[in-house]
Structure formats: C-alpha cells, structure tokens
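Below is one structure, written out as structure tokens; comments come after it.
The values are calculated or read from the model by the stated rules, or taken from the named source; none is laboratory data. Because the structure is a prediction, the values reported are computed rather than measured. Here Cβ is always computed from backbone atoms with ideal geometry, including for glycine, and neighbour counts include all displayed protein chains. The accessibility values were calculated without ligands, DNA or RNA, using every heavy atom of the protein model including side chains. Shrake-Rupley method; radii C 1.70, N 1.55, O 1.52, S 1.80 Å.
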Amino acid sequence: MELFLKRKLPLTDDNDENLDRGTSRRDDTAPNANHFTHLSSRVSRQEVNFDELPYDPADRRRISYYIGQNLQDDIRRKYLIRGPFKPPPGFKFPETIIAGHPRRCQSNWFTRYDWLEYSEKVDKCFCLYCYLFRDCNMGQGGNDAFVIAGWDGWNKSDRLRDHVGKCNSFHNTAVKRCNNLLKPGQSIGAALNKQSNLTKEMHLIRLTTSIKAVRYLLNQGLAFRGHDESEESTNKGNFRELLQLLADGNDKVKEAISKAPKNNKMIAPEIQKDIAECFAEIIVKSVIEEIGGDVFCILVDESADVSGKEQMAIVLRYADKLGEIKERLIAVVHVKETSASCLKANIDHVFAKYGLSFKQIRGQGYDGASNMRGEFNGLRALIMRENSSAYYIHCFAHQLQLVIVAVAKKNDDSSDFFDMVSLLLTVAGASCKRKDMIRESQQERVKKAIGSGQLSSGTGLNQEQALQRAGDTRWGSHYKTLKSLNNLYPEVIEVLHYVEKEGPNDAKRRQARGLLNYLKDFDFVFHLQLMLLILGHANSLSLSLQRKDKDILEAMLEVKLTKQKFQQIRDDGCDSLLEAIYSFCEEHGIPKVDMEEDYIDRHNPRKKTNRTNYQHYRYDCLNPIIDLQLAEFSDRFNEVNSKLLTQIAAFSPKNSFEAFKVESLMELAKSYPDDFNSTQLKDLGLELPIYIDNVRADERFANLDTISELAKLMVRTKKDLAFSLVYRLLKLILVLPVATASVERCFSAMKIVKTILRNRIGDEFMSHCIICFVEQGFLATIPIKDVIVRFNTMEDRNRRG
C-alpha cells in the first residue's frame, strides 16, 4: 500500500461520540439507534457462518446482535481463537496530518499491547477484548473510542496506556472474562457439573482415540461415515469401525467407550469434522509460522470436483529458515464463478483469515488461462495493482506434452498420425476381450523371448502393458501412449486382424482394415519414432520442472538445453532417426522406403511431387515440426523477461561464481522497491563485493551448481546473517515459481477425497481433508495434545455427543 496523506478532524471527545454515528463500524448499533431496528436485525445461530465472520474490526457487528448467550459466547470464542486482527509484518501505515505534522500508526504498538487490532479500511485501532464484552454491564468503559468508532490519535500514544487503566478498569475486566471464556473449567456450566477424575480420564481416552482414528482416515483420504451407522448395522463406516478396532486391542479404550454416556461418546459427525478442522488449522498455522512474515509466491488454479463445483486451490511457495524451497497448500475454496474478481475476493478472505498480506507476494504462478494471466483484468493484474513486485511467471510444465502435441498437429502429416492413433485406441480398446487379447499375446511373446535368451528376467522387468489413452490433464500421457504402442505393435496388429474378420459390423471392419494399412506404412513408423524422440525429451523436462525445490534459474537452463536438443535433432538428427525407423521396420516386417526415390503422396498417388522421399521426410516433416516446437518454446517461456533472467544468472554459483556481476544484481534489486530502499541499495552495493570474495575463498562453496544449493549452504554457514541483504535478494529469486505441479497434485488429491460415492461432502470439510491428505508430513508430526487443546477452545462441547 503506497503512502498517502489525508486530513481528519482533530481527535476530541466530542468527535469520538459523533464518529459512533458516522461511517465506521457499528454505526447502526450506536447507543442512540432505534431499539426496534436493533431487535429486528438480530441474527440467530442458523444464520451464522463462523468461518465468514468479518476479520476487519470495522466490519463487525455488535455481539448483542446475536441471539442467545451461548451463540454470543461462541462468537467471542471464535474471535479469541483468531486473535487480534493485526497488519502483516512490513505493512506501511498511511500518514495523517495532525496538528500540521504527518502522523501514522506504529507497528511496535502491536507488540507491546496484545489486545490492539487495526483496520486497514478506516485506518484506526480497536481493542478486541473490550469489543467482545462491550454490551455487558461492566461500567462505562464500553463507550471508549477503542471500542466504538476506533482510535486514530497517532500523536497521543499515552491513550493506549490509559485505555488499559487500573486493575478494575473496563478493559482489565474484559480481559479476565476472555480468559475465563477460553477455559471450559472456569465456566458456570463446568462449575455446576463437576466431574470426578475418573470420568475426566475416560473422556480424555475417548477423545484421544477419536483423534487417532481421524488422523488415520485423513492420512489415507478415506471416507468417515457409513451408509448405516445404527447399532444393528454390520458396517458402521470407517470411523466407527476403526474406533471399534482400536477398542478391541486396548482394554482401557474398550471400557471408556462402553461406559460412555450418550451425550459424550465423542463419535458424532460434528466431532469428527471438528477434529479434522483442528488438524488442518494446525497445519496451516505451522506453514504461516514457517513463513514468519517473509515474502512468498502464490500459485493458484481451479478445477471442477466430481459434483460439478468449481474449487480453487491456493499454494504458497517460500524459503524456510533453512533456506529450502517449500510449496504448501493452505486452502481449497469453492468459488461460485471463475472470474478474476471472484477469485481475488476469495484469496482476500483466505489471506485475512491467516494474517497474510498481498504486500508479501513476490511472484504469481498460473497455468495460462485468460482469467488468470489477463494483462488488464486477470487475477495477475488485480494482484499487481496492490503489489507491483508480484511478478507473474507463466507455468505450464504439466501441459508441456499437450502443447507439443497441439503444435505438432499444425503439420498435416503429423495431424493425420495423431488422428489415426486416436482411432486405433478406440478400436483396439473397445472391449475387454480385445484388451485381454493384447495382454495375453504380449505374455506369450515375452515368454518366448525369455526362453530364447532375447530378454532377461528379473524384478521389475517385462511388466504387463496395455494401450494407454492420452489425457489432457495427465502428465506424460501422450508419451506413454506412443511408448505403449511402440512396445505392443505386434499385439495391436493381431487385434486389428481379428476385428477385420470378426468385427460386429461392416463399419468396424472397414476401420480395422484402414488402420492395418496405415500401421504397416512407412509414414506411420516415421511419425511414431519422431514424436517418441520429441516427447521423450519433453517428458524429461516436464518431470524436472515439477520438482518443488526447482529454482527459476535451473528451470530456464533446462528449457534452454531442451531447445538445444531440438535444434540438434533438426540439424543433425535425421540420419540417426532413420536408423531407428529402419530397425523398427525390419523387426516388424514393414517395407522400407528408398530415400532417393520420388515421394508418392498416399492421398494423391497420381500427382507428381517432384521431391524425393528424403526431401519430404526431412524438409516437409522433420524440420517444420521441430521449427514449430522451437517457436512455441520461445513464445511460452518469454513470459519471464529475458533481462530479468540475465540478472538472475549473475547469482549462479557454477564454476566458482563465474557469471557473478555486481551491476546485474544491483539492477535486479532495483526491481524490488518494497524490499530495497535507497539506503539499502547503497549498502547492498558495498556488501556484494565482500560477499563474492568471501564465498570464492570458502572451499565449501566451490562445487555448487544451483542457487537453491547456495541458499541452503549460506544458512548452514551463517553467511545469511553476515550478508543479510545478499541473502534477501537471493530469496526473492528462489520464490519465483517454475510450475503449478503442486496445485495440480491438490486436484489429484481432491479426486481421492471427494468421489462419486462421497459427492456430498461439505466444502469446508473437504478443504480440511485435502490439506491433511496433501501435507501428510505435517499431519504425522502433530502432537495429540495440541489437537486436544485446540479442540477444547473451539465451541461448547456440552451440546454435542
């Protein structure tokens, strides 16, 4: 947020009173508001969504708006668990002219006063504790500016101390009531229902057992409930059956469950969901703590689930305290529409919930959809309006083979090849019988080859194969399809002969006959081997780019090497390609083509082409297809500014930091004005020469290859502290995204968690399940004690069983 000036009225008691009837929060709930309007607009529990309670203090309702003491206490607990709404680290507060001088809120106030919260919307401070108990009869302190309209007397910091007051002040009384509210044992209900130590122990055993069961189900991505959970049912669902299994193996657990009162069995669906929420919230809070107010990159994508709902996954990419790159899922959100503004609004809500700021973003990674990458109205543009340093990187590693196939189809001969392959998969895989024929025929061929010594046997060798249909959303599926066709060629020919003779109708038999003619043609073999070669290189690049710890410099180097391989195939690869083609033809009895003879167009055999076979396959097929791929690579990867990449390359540690240039890194730092002011830029200019002399003299840095390795070694050797500005610049490069593979994996997890049989799972519960399933490393390390503590502070458990 840029600094700006605005004029306000001087802060006086009269103004405080008037502001309560102005445009700030709770204006419609002012003391002089119409009492009947107040009652008619009150809210019941059925109308409350606890996850959508406003975060900004200026947007909150008065607690008295909620009907019933229990609901009001639950609202208070929710806000207390969230904690005061504070600005993110590094937030630049707007300035206000007070008494002729520019004044602003100070970040150190929020460290000194744990009750203080801030509203970006109205640029004012509030007291969370006093707001929660403003409507209680505890004196006149509830009319304080920190409670009603907000305080913005930046020139009078003593008001913060005065607000706290003496021991029996309104504020301190509110603090005590908040503390009591978070301690179930302190409530009146608990005092009236004192339980024996044995009863409490039994309750704790049941809760612990339920937590263990929930953790297991979350880790496996399994459903919780069963179709029939009655006592007479023989299968009560995964959760209850797992509880029974745990009870059968432990006498104490069995006793605790068998003697549980009906209202305290800890097996209700709400209990299961709350425990899952506890796990998910602890995981996300751990991620936020790991980021620690530092910069990160945001990766976003959306996909429809099995019930047709559009879901948006949000992944953060950041460097942890050890200098390692992490990509973590923090939310899966149901979006009603996929417009950029709707996506941005949902991201706003998630960021507000976890105390994140758009000012922390230093990179955006999307798959290239127009609503994402739109230069003027896309999500990319909306975020960059709030933060110009949130550089957009086009990510399509998971789409790489799809792009290559789509580009190759621009060539007519290549397009015919993929059309025929698609038809082949339909005909050969049309029935289970034909699929079985392929498998059985392959098994017989492998047995003969092993018996004759042509193949060797061993673990993992000669596995059963099947024709795999390519899918637009499955990484590497086109390459696997052609690879399986290459390996199963004899079996495919055999099945086509069967269909030609025994097909169900004339149309199928004609299709099989046409496919046989094409598959035995040299043209098919040429394009099969050419696309296997191209997609093989692309598959290696795609798998490499999908690594979570891949940095942008390493990724662009691999892209460059792949382009060089394509160029090498174009310039010098024709002869080696022909050798592979001739070998395939000899193995399967396909007639070879003399490259010096005239080319005959199979679509128009009577027309002279005036070209030899070599000229056609080299200059009409191979070169144009490779040229199309090289042009597409250049277009796709030019989203990353070439100048920016040149600057980033100066950080490369290869060959004893051979590419290091102070000028390039200084220009790179100027691209991040929010991270380096003018003074820090001067300090960086002085620090860089000392840094490069230091690391070149240190043998531990001699054999590094990537900037990811450099960052981790700097942390281990404490050089991140000695050269803090250099390390800050290095982290800005590390968080730049390479691929959206982590987001795509979330959608793969969604298909496991939400299935056709489990298609009515709620959006919030599904999000918790996916977060736990994706972040299994975090899930396994969460202590049960932490889950119990969080579980007990959520809502009043006395209403649940």
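Would you list which lysines come within 17 Å of K785, measuring only between C-alpha atoms, while excluding same-chain residues fewer than 8 positions from it? Straight-distance partners of K785: K183, K200, K212, K285. Net charge around I347, counting only other residues with Cβ within less than 13 Å of its Cβ (Lys, Arg = +1; Asp, Glu = -1)? Computed value for this residue: -1. For the range 200-278, averaging the sequence separation of C-alpha pairs within contact (under 8 Å, six or more residues apart) and dividing by the residue count gives a relative contact order of 36 percent. Taking only the C-alpha atoms of the range 482-530, the Rg (one decimal) and the largest Cα-Cα distance, Dmax (whole number), read 11.4, 34 Å. The residues of the chain have, on average, 49 Å² of accessible surface per residue, using a 1.4 Å probe with all protein chains present. Of the peptides 521-530, 583-592, the ranking by mean beta-carbon count within 10 Å, highest at the top, reads 521-530, 583-592. Taking 7 Å steps out from each Cα toward its Cβ at N694 and D627 produces label points 5.3 nm apart.
Hey, what did the chain get for relative contact order, percent, Cα under 8 Å, at least 6 apart?
On the way: 1080 pairs, mean separation 124.2, N = 801.
Relative contact order, the chain: 15 percent.
For F85, the residues whose modelled amide H falls within less than 5 Å of its own, excluding neighbours fewer than 5 places apart on the same chain, are Y118. Both radii are taken from the alpha-carbon atoms of the range 648-708; with Rh as the Kirkwood radius, Rg/Rh is 1.00.
Computed over the chain, the per-residue total of -39500 (n - 2.57) for DSSP H runs of n ≥ 4 gives a 222 nm mean residue ellipticity of -16000 deg cm²/dmol, rounded to 500. Within the accessible surface of the chain, defined with a 1.4 Å probe on protein heavy atoms only, the carbon and sulfur portion equals 49 percent. Take each peptide in 321-328, 784-791, count the other Cβ atoms within 10 Å of every residue, and average; sorted highest first, the result is 321-328, 784-791. Of all beta bridges that DSSP places with both ends in the chain, some 70 percent have antiparallel geometry. Cα extents for the range 570-689 along the principal axes, largest to smallest and rounded to whole angstrom: 77, 30, 22.
Simple spin-label estimate for L721 and W109 gives 3.3 nm between the two label positions (7 Å along the Cα-to-Cβ direction from each Cα).
Between rounded, prolate and oblate, where does the range 61-100 land on the alpha carbon gyration tensor, with a ≥ b ≥ c its root eigenvalues, rounded for a/c under 1.5, else prolate if a/b exceeds b/c?
In terms of gyration-tensor shape, oblate.
A value for Cα extents along the principal axes in Å was derived from the coordinates, and within the list [x] 126, 54, 53; [y] 103, 76, 55; [z] 90, 62, 53 it appears as [y]. Amide H contacts of A331: I314, each under 5 Å away and 5 or more positions distant or on a separate chain (H built 1.01 Å from N in the peptide plane; Pro and chain starts excluded). Seen against the Cα atoms of the chain and their longest principal axis, helix 197-220 is set at about 30 degrees.
Between S258 and S339, what's the calculated FRET efficiency when r is the beta-carbon distance and R0 is 45 Å? Round to 0.05.
Efficiency for this residue pair is about 0.25.
Relative to the compact globular guide of 2.2 N^0.38 Å, what is the alpha carbon radius of gyration of the range 480-589, as a ratio?
1.41
The charge dipole of the chain, taken about the Cα centre with unit charges on the Cβ atoms of Lys, Arg (+1) and Asp, Glu (-1), comes to about 2340 debye, rounded to the nearest 20.
If R0 equals 41 Å, the separation of the Cβ atoms of T609 and S634 corresponds to a calculated FRET efficiency of about 0.85.
Taking amide H positions as modeled 1.01 Å from N, with prolines and chain starts lacking one, the residues under 5 Å from R103 and 5 or more places away or on another chain are T96, I97, I98. Gain on full extension, evaluated as 0.36 nm per residue between Y672 and N250 minus their Cα-Cα distance, stands at 146.0 nm. The calculated FRET efficiency for T234 paired with K501, based on their beta-carbon distance and R0 = 41 Å, is about 0.20. Using alpha carbons only, how many degrees (0 to 90, rounded to 10) separate the axis of helix 238-248 from the longest principal axis of the chain? Once rounded, one gets 70 degrees. The stretch between D56 and N168, if pulled fully straight at 0.36 nm per residue, gains 37.5 nm over its current Cα-Cα span.
Using C-alpha pairs below 8 Å separated by at least 6 residues, the relative contact order for the range 311-391 is 23 percent. How far, in degrees from 0 to 90, does helix 477-487 lean away from the longest principal axis of the Cα atoms of the chain, to the nearest 10? Computed tilt is about 30 degrees.
Take each peptide in 624-632, 161-169, count the other Cβ atoms within 10 Å of every residue, and average; sorted highest first, the result is 624-632, 161-169.
When Lys and Arg each count +1 and Asp and Glu each count -1, what net charge do the other residues less than 13 Å away from R728, Cβ to Cβ, add up to? Local net charge: -3. A straight Cα-to-Cα reach below 28 Å connects K719 with the lysines K321, K326, K359, K548, K550, K643, K654, K661, K670, K682, K731, residues fewer than 8 places away in its own chain not being considered. By definition, a body whose alpha carbon gyration tensor gives a ≥ b ≥ c is prolate when a/c is 1.5 or more and a/b is larger than b/c, and the range 654-785 fits this prolate description.
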